[in-house]
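The values are calculated or read from the model by the stated rules, or taken from the named source; none is laboratory data. None of these values were measured; they are calculated from a predicted model. Cβ placement follows ideal geometry from the backbone for every residue including glycine, while neighbour counts extend to all protein chains displayed.
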Amino acid sequence: MADDHYLVLARRWRPQTFDDVVGQNHITRTLQNAVRAGRISHAFLFIGSRGIGKTTSARILAKCLNCTSTDKPTPEPCGTCENCVSIAAGSNIDVIEIDGASNNSVEDVRQIRENVRMVPSRSRYKVYVIDEVHQLSIAAFNALLKTLEEPPPHAVFILATTEAHKIPATIISRCQRFDFRRVGINDLMALLRKICDAEGVACSDEALHAIARAADGGVRDAESILDQLVSYCDKEITFKDVYDVLGLVEWQVLHSLCEGLRQHDVAVLLRIVEDVVASGKDLAEFTQEILRHFRNLLVIKSGAPEDLLSLPETEVKEMTRSAESFTLTELIRLVEQFAELTSGLESQLAQRTALEALLIRLAKRTLDVSLDSVLEKLAMLREGAMAQDAPTPLPARKRAAPPPPEKKSPVAPSAPKKAKAKAKAKARGAKTSRTDTPAPAAQSETVDPSEVKAALEDPHISQVVDVFKGRIVDIHEEPEHND
């Protein structure tokens, strides 16, 4: 019908019970058990990234508390009673959803404090769901403290946020905290396959894998991408369609980039960037794809299991061959540099890859690539080489022994001048022997040439030099001293 309003897949397939929530079993099980046992807290804090079920779980919990199919809260709401239907539609007057970004002042919190005292009109509990609660001001948080700690028995607060570090500890301590996880690729692919089968859309496994990887653990993002692809491809989605619609770069391009780096071919590298720009791809996304690619190569090179890659089998085989062209040290250097390049994007991928590179470097004890260790080892090599080239010190001259005392002989009266000259010469010689004799030279340590050669062949030194090939380290030699 022309007046039918189209409902996007993310809303049409929004979970209505805890059993429908994907990838959050550790949370749904806890909440169901709490409702079943009657251990219902007065305040909950849901933490996690976007689109993984925080607000959805809050609505389901509100239905569990207020479902009228039973005379008490139930872990399995019927979904058909008046309260369940109105809560799912967001029109129940006893379930108040508040946007923390636009209602973040003290006056807004004061209004909540006044309304929370009134009993629910048609439900057991009055539920306040405050989304993006981290955007409340400090004054608003302080105004909420007392009410959050001791609310009326009919009130339940559910706070949701994507940035837990911005919430004061005084608020966190008054709530039961639940950390939502990013959904795994396999769980996302299963959900997308279920949606495709129900919608009558043909989609290959490679295309579903590409969608799930692009969603980066977000259920809503995955469903939105699928919705866009259905509009683009109608009833059949291929692997190439996903890359065309999302503006991704095919993995063959990344392999060509790796080969260009290995061959030091600047022309190839610049041509790849030119092609990416000309095709309208996002360079920020392309940089993250490069980082993700080198992270996968590092995982393969370090001997980690292949299931950590979440890649198709054909691509894993190709990446295994590509990883053989790099050393482990080179891959660590590459991922650290690309992680630093993408750090301005504040992406979780850059943070995770930098952490993994650090852990691999620490796990491989032979890899010591810190700047201090490099300079220390280079200085040791330089000192050894200088000691090898230094001239052998001359032996110290022996101190002249004082002349034996001469026997006094009577001087002939006929030669007084000759005796006087001889006495003066004797005095000069004694003085010279006392003042001009140099001190014994200090012994100089010499380095065995075989030890220097062994140090140069040390694999630690070769790895260190290999890491710093791309950096400039000036080692100035000391000026020669003339002996």
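One line per residue, one yes/no per condition, for (1) part of a helix (DSSP H, G or I); (2) over 29 Å from Asn186 (Cβ atoms); (3) modelled with pLDDT under 80; (4) not aromatic (Phe, Trp, Tyr):
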position	(1), (2), (3), (4)
Val253	yes, no, no, yes
Ala267	yes, yes, no, yes
Gly280	no, yes, yes, yes
Ser322	yes, no, no, yes
Thr329	yes, yes, no, yes
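Look at the range 74-89 and say how many of its residues are among the polar types (S, T, N, Q) and either touching a His at 6+ places or on another chain (Cβ under 7 Å) or in contact (Cβ under 8 Å) with a residue 24 or more places away in the chain (or both). Working first, answer last.
Within the range 74-89, the subset among the polar types (S, T, N, Q) is 74, 80, 83, 86.
Checking which are either touching a His at 6+ places or on another chain (Cβ under 7 Å) or in contact (Cβ under 8 Å) with a residue 24 or more places away in the chain (or both) leaves us with 74, 83.
Residues flagged as among the polar types (S, T, N, Q) and either touching a His at 6+ places or on another chain (Cβ under 7 Å) or in contact (Cβ under 8 Å) with a residue 24 or more places away in the chain (or both) within the range 74-89 amount to 2.
If the Cβ limit is 8 Å and pairs must be 6+ apart or interchain, which residue in the range 186-204 that is charged (D, E, K, R) pairs with which residue that is modelled with pLDDT of 90 or more and part of a loop (DSSP other than H, G, I, E, B)?
Asp187/Val22; Asp187/Gly23
Yes or no: the range 140-150 includes at least one residue that is surrounded by fewer than 18 Cβ atoms within 10 Å (Cβ to Cβ), under 29 Å from Val276 (Cβ atoms), over 26 Å from the mean Cα position of the chain (by Cα) and not β-branched (Val, Ile, Thr). Before you say what the answer is, go through the steps one by one.
If we filter the range 140-150 for residues that are surrounded by fewer than 18 Cβ atoms within 10 Å (Cβ to Cβ), which is where we start, we get 142, 145-146, 149-150.
If we keep only those that are under 29 Å from Val276 (Cβ atoms) as well, we get none.
Among the residues of the range 140-150, not one is surrounded by fewer than 18 Cβ atoms within 10 Å (Cβ to Cβ), under 29 Å from Val276 (Cβ atoms), over 26 Å from the mean Cα position of the chain (by Cα) and not β-branched (Val, Ile, Thr), which makes the answer no.
Could you check Val119 against (1) over 27 Å from the mean Cα position of the chain (by Cα); (2) outside any loop (DSSP other than H, G, I, E, B) and say which number it fails?
In the conditions (1) over 27 Å from the mean Cα position of the chain (by Cα); (2) outside any loop (DSSP other than H, G, I, E, B), Val119 misses (2) alone.
Can you pull out the residues in the range 289-308 that are surrounded by fewer than 19 Cβ atoms within 10 Å (Cβ to Cβ) and among the aliphatic types (A, V, I, L, M)?
Selection gives Ala304, Leu308.
May I ask you to list the residues in the range 129-182 that are among the basic types (Lys, Arg), assigned to a helix (DSSP H, G or I) and either under 15 Å from Ile47 (Cα atoms) or touching a Pro at 6+ places or on another chain (Cβ under 6 Å) (or both)?
Initially, the range 129-182 is screened for residues among the basic types (Lys, Arg), giving 146, 166, 174, 177, 181-182.
Next, only the ones that are assigned to a helix (DSSP H, G or I) stay: 146, 166.
If the condition is that a residue be among the basic types (Lys, Arg), assigned to a helix (DSSP H, G or I) and either under 15 Å from Ile47 (Cα atoms) or touching a Pro at 6+ places or on another chain (Cβ under 6 Å) (or both), then Lys166 is the only one that fits.
Looking at the range 89-112, can you tell me whether even one residue there is assigned to a helix (DSSP H, G or I), modelled with pLDDT under 95 and over 30 Å from Ile138 (Cα atoms)? Working first, answer last.
We begin by selecting, within the range 89-112, every residue assigned to a helix (DSSP H, G or I); these are 89, 106-112.
From what's left, modelled with pLDDT under 95: 89, 106-112.
Now restrict to residues that are over 30 Å from Ile138 (Cα atoms): 89.
So far as the range 89-112 goes, yes, one or more of its residues are assigned to a helix (DSSP H, G or I), modelled with pLDDT under 95 and over 30 Å from Ile138 (Cα atoms).
Can you report the number of residues in the range 254-280 which are closer than 18 Å to Glu330 by Cβ and small (Gly, Ala, Ser)?
The qualifying residues number 2.
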